[in-house]
Amino acid sequence: MSRQFVIELDNRPGELAHIARALAARGVEIRHISTAGAGDCACAFVNTTDPAGMRIVLDGLGHKYIEGSPVLVELDDVPGAFAGVAARLDEAGVKIYGSLIVGHKPGKVEIAFSVDDEAKARAILGITDQVGVND
């Protein structure tokens, strides 16, 4: 099963390359990745099918992270669709740790959310048969 990790990083040159090299050395496949940074802080949003290997690398490097099962949502590819999902999760008290576009189809976009309460998010969004991204 695919797992997603939101990883805290220092926003400095080479930080992401250091993690990527360590994951490669351990044979951990990165399925999807997105990064962001502002000022001194950064984060990486990573999906992998080797959560045990990912944990070993991140713990060994001393990085803080949040791990969970991706909440995959298919939306109409129109302005405001993402805002609607974010608002529904907010109104339900579900904290979004990160989001990652993992696919496109004609008129649709697939987004994997990392949240603090996966079961509640799936219930709010009417997702009943999901097991993970790209299983």
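So here's what we get for this one:
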{"item": "Qualifying residue in segment 18-38 (condition: closer than 27 Å to Ala119 by Cβ, among the small types (Gly, Ala, Ser) and not assigned by TED's automatic domain parsing to the domain that holds Lys95)", "result": "yes"}
{"item": "Leading residue by the ranking (farthest from the chain's Cα centre (by Cα)) among those in segment 86-110 that are of a type in the set (Val, Ile, Thr) and under 21 Å from Thr35 (Cα atoms)", "result": "Val109"}
{"item": "Extreme residue, nearest to the chain's Cα centre (by Cα), among residues of segment 59-84 that are in a loop (DSSP other than H, G, I, E, B) and under 28 Å from His18 (Cα atoms)", "result": "Pro70"}
{"item": "Check on Ile19, touching a Phe, Trp or Tyr at 6+ places or on another chain (Cβ under 7 Å) and surrounded by 17 or more Cβ atoms within 10 Å (Cβ to Cβ)", "result": "no"}
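The values are calculated or read from the model by the stated rules, or taken from the named source; none is laboratory data. Owing to the predicted nature of the structure, the values given are computational and were not obtained by experimental measurement. Using ideal geometry, Cβ is built from the backbone for each residue, glycine included, and neighbour counts are taken over all protein chains shown.
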